[in-house]
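Asker: Encoded as C-alpha cells, here's the structure I'll be asking about.
Every number here is computed from the coordinates shown, using simple stated rules; none is lab data. Treat the numbers as computed from the prediction; the structure is a model and nothing was measured. Cβ: placed from backbone, ideal geometry, glycine included. Neighbour counts: every protein chain shown.
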Amino acid sequence: MEIAVVIIVIVVVIAIWYIGVSNSIKTAELKINEAESGIDVALTKRYDVLTKMLDTVKGYQKYEQSVLTEIVKLRSGMTMAEKNLANSSMDKLTKDINILAENYPELRSNNNFVELQKAIVEVEEHLQAARRLYNANVNSYNSKIIVFPNSIVAKNMNAVKKDYFEAEDIKRQDVKMEF
Amino acid sequence: MDIMQTMNNMEQLRKKCVISKVAGIALTVFGTFLLCTMRFNYEIVFFIIALILMLTGVAVMKFFDKEKKQFQFLYKNTFAKGVLDSIFSDVVCNWEIGFHPQQIEGIGLIRMGNRIHSEDYVSGTYQGVKFEQADVVVKHVVRTGKSTHTYTYFEGRVFSFDFPKTDYWSVAVFSKSFTYSGALQNLRHDKVEMESKEFNRNFIVRAMRPVDAFYVLKPQVMECISNLYSHYGNVAIRYVGGKMYVAINLAGNAFDGDIYKKIIYAEEVDKIRRDCSVIIDVIQSLNV
C-alpha cells in the first residue's frame, strides 16, 4: 500500500514537472514567433523605404530592375536563413545608395531623399531592436531545450534548436546588387 | 551686495545655525535628564525649571530650522544659481517648489507614500536638450495604535529630459536595489530579459511591448545605465511619451550647503558642479 502511494506521488510529481517544462518550451516558442513577426514587419518597412529611395535615385543613375525583384524573391522565402539573406541584400543596397549619394550633391540636397535617409535609419533601428529581441528569445529557448532533463521533454515535443537572425558575411557577398 | 559680503552674511548665519542647534539639543537633553532623574520629594520648582529648559530647547530648535532655511536659500542663490547659469542655458530655479505629487505619481518610478515633499526645482537646456529636476522625498507613515513607523520610499533627485524618439510605448528600468519601485501608472508592463546576463543581474526591465525595450536600450545605452548604476547606486529610468525620466535615490538633497562646514568659495562651487554633473552625465551618456 505504502509503495503504491510513493509510486503515485512520484508519477504525479513527474507529470507536473513534465507539464511545467512543456509549457515553458511552448511559451518560449510563442515568444520567438512573436519576435519573428516583428522582424517581418521591420523588413517589410525597410523594403518599402528602399523602394521609395530607389525611385528617387532612378533619375540620377540608371539601375537594373533586377535589384528590386531580387529582394522581392528573397522576401518571399519564409525561413530565417532567407530572411537573413534578404536583410543582407538590403544592407548592400543601402550602402550602394549612400555611395551614389556621395557622388551626386544634388541628390544629397533633395528633400525627399534626405527624408528617406532619415526614415531608413529609423527603420533600421527598429529592425535592429526586433533582431535583438528575436535572438534573445532564441537564446533562451535553445538553452532551455538542450539542458538536461528538459532535453527529454523537448525531444518528445520535437523541439529543435532555432536559427539566430544575423547577417552572414559569406551570404552577403553572394548577393550581387548593381545599379 | 558683493560676493564677499554675501559670504560673510552666510558665514554668520551658518554659525548662528550651529550655535542654535547645539544649544537647542543641550537644553532639551538637560531638561529631559532633570525630569527623568527627579524624585517625587523634590520641590516643584525643579520640575518647573526642567520643563522650562525643555521648552526653551524646543523653541531654539525651531529657531534653528528657520535660520537653516534662510541659510540654504542664500546659499543656493549665491552658489547654485551662478554655477547653473554658467553650465546650462535658459535656467529657471525655484528652491521652494519641486514636482507636483501627481507628476511624481505619473512618472511611475517611485512607490507613492502618504508624505510627499519636493523642492529645488531647476529647469534648463544642455546641448539642446531640455531638462527639469527636483529633489523628491517620499515617505510612508504607518500608525499602528501604540507605535508609528516611517518608511522612506525615496529620497533623492528626479530628472525629466526631452527624449528625441517617440516611436515606442513605455519602457522602465529599475536597478535591483531600487526597493520601492512605482506602479508604472497601472499599465501592464511585462518583464523583459535583455541579451546581457550582466545587465539582467543588476536591473529589472519592464515594457508594454518587449521590442520597445530593445529599441530604446541599445547596447551602448545599457552600458551607460550600468555606469550610472555603479556611480550613483539606486537608479530607475522610464521612457514614455517623448520623455526620459530618471530617479536617483541618493539619500540626500542637491544644491544644499553643509551648515557644519566653513564656507570656502572654491569648494562650494566644486560641490555644486558635482551636483550639476549628474544632469550632464545623463544627457551625455544616455544619448538623449
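Asker: Report the full-extension gain for the segment B:Asn114 to B:Val269: residue separation times 0.36 nm, less the Cα-Cα distance, to one decimal in nm.
Answerer: 52.3 nm
Asker: In degrees between 0 and 90, to the nearest 10, how far off the longest principal axis of chain B does helix B:265-285 point, with axes built from Cα atoms?
Answerer: Its long axis makes an angle of about 30 degrees.
Asker: To continue, here is another question. Between A:Asn33 and B:Val142, what's the calculated FRET efficiency when r is the beta-carbon distance and R0 is 56 Å? Round to 0.05.
Answerer: That gives a FRET efficiency of 0.75.
Asker: Just rank B:Val137, A:Val160, fewest to most, by other beta-carbon atoms within 10 angstrom.
Answerer: With the fewest neighbours first, B:Val137, A:Val160 line up as A:Val160, B:Val137.
Asker: Where the Cα atoms of segment B:126-174 are projected onto their three principal axes, how long is each span, largest first, in whole Å?
Answerer: Largest to smallest, the principal-axis extents are 53, 24, 13 Å.
Asker: Starting from segment A:80-114, pick out the trypsin sites (Lys or Arg not before Pro) whose DSSP state is loop and whose Cβ has at most 16 other Cβ atoms within 10 Å.
Answerer: none
Asker: Looking only at segment A:137-158, which residues have a backbone nitrogen under 19 Å from a spot 7 Å from the Cα of B:Lys191 in the C-beta direction?
Answerer: A:137-145
Asker: Still on this model: Per-residue Cβ counts within 10 Å, from other chains only, averaged over B:195-205: what number is that?
Answerer: Mean inter-chain Cβ contacts per residue within 10 Å come to 1.
Asker: Now for a separate question. Aspartates and glutamates near B:Lys165 by alpha-carbon distance under 13 Å, same-chain residues fewer than 8 away left out - which ones?
Answerer: Once the sequence-local aspartates and glutamates are set aside, what remains near B:Lys165 is A:Glu122, A:Glu125, B:Asp212.
Asker: Nearest 10 degrees is fine. How inclined is helix B:3-37 to the longest principal axis of chain B, computing both from alpha carbons?
Answerer: Its long axis makes an angle of about 60 degrees.
Asker: Moving on. Would you compute, for the Cα atoms of segment B:16-159, the largest minus smallest coordinate along each principal axis and list the three values in descending order, in whole Å?
Answerer: Taking the Cα atoms of segment B:16-159, the three principal extents are 75, 39, 15 Å.
Asker: Further question: Between B:Ser285 and A:Ile3, with labels modelled 7 Å along Cα→Cβ, what's the label distance in nm to one decimal, could you check?
Answerer: In this crude label model, B:Ser285 to A:Ile3 measures out at 6.5 nm.
Asker: Mind giving me the nanometre distance, one decimal, between the label points for B:Thr6 and B:Ile97, set 7 Å out from Cα along Cα→Cβ?
Answerer: Each label point lies 7 Å from its Cα, and together they span 2.3 nm.
Asker: Mind checking the log10 I(q)/I(0) for segment B:90-256 at q = 0.15, 0.16 Å⁻¹? Debye, one equal scatterer per Cα, no solvent, two decimals.
Answerer: Each listed q corresponds, in turn, to -0.84, -0.95.
Asker: Now for a separate question. Would you mind checking A:Lys31/B:Lys176; B:Lys139/B:Lys191; B:Lys76/B:Lys271; B:Lys81/B:Lys243; A:Lys52/A:Lys95; B:Lys15/B:Lys62 for any pair whose Cα atoms are more than 18 angstrom apart?
Answerer: A:Lys31/B:Lys176; B:Lys139/B:Lys191; B:Lys81/B:Lys243
Asker: Under 1.5 on a/c is rounded, so check that first for segment B:1-87, then, if it is not, pick prolate when a/b is larger than b/c and oblate when it is not; a ≥ b ≥ c are the square roots of the alpha carbon gyration tensor eigenvalues.
Answerer: prolate
Asker: Related question: Given the Cα-Cα distance of B:Asp90 and B:Phe46 and 0.36 nm per residue of separation, how much length would full extension add, in nm?
Answerer: In short, 9.8 nm is gained.
Asker: Sticking with this one: Exposure proxy check: A:Met1, B:Met10, A:Met157 ranked by fewest other beta carbons within 10 Å?
Answerer: Neighbour counts put them in this order, fewest first: A:Met1, A:Met157, B:Met10.
Asker: Here's something else I'd like to know. A:Asp55 to A:Gln128: extension gain in nm, 0.36 nm per residue of separation minus the Cα-Cα distance?
Answerer: 23.8 nm
Asker: How about segment B:188-288: which GluC sites (Glu not before Pro) there lie in a loop by DSSP and see at most 10 other Cβ atoms within 10 Å?
Answerer: none
Asker: Tell me the GluC sites (Glu not before Pro) within segment B:32-116 that lie in a loop according to DSSP and have at most 15 other beta-carbon atoms within 10 Å.
Answerer: When the GluC sites (Glu not before Pro) of segment B:32-116 are filtered for loop state and at most 15 Cβ neighbours within 10 Å, B:Glu43, B:Glu96 remain.
Asker: Could you work out, residue by residue across B:209-219, how many beta carbons of other chains sit within 10 Å of that residue's beta carbon, and then give the average as an integer?
Answerer: Partner-chain Cβ atoms within 10 Å, mean over residues of B:209-219: 6.
Asker: Within the P(r) computed for the protein assembly as shown, what percentage of the Cα pairs occupies the region above 42 Å?
Answerer: Result for the distance tail: 42 percent.
Asker: Just check chain B against the gyration tensor rule for me: Cα atoms, a ≥ b ≥ c as the square roots of the eigenvalues, rounded for a/c under 1.5, and otherwise prolate or oblate depending on whether a/b exceeds b/c.
Answerer: Here chain B falls in the oblate category.
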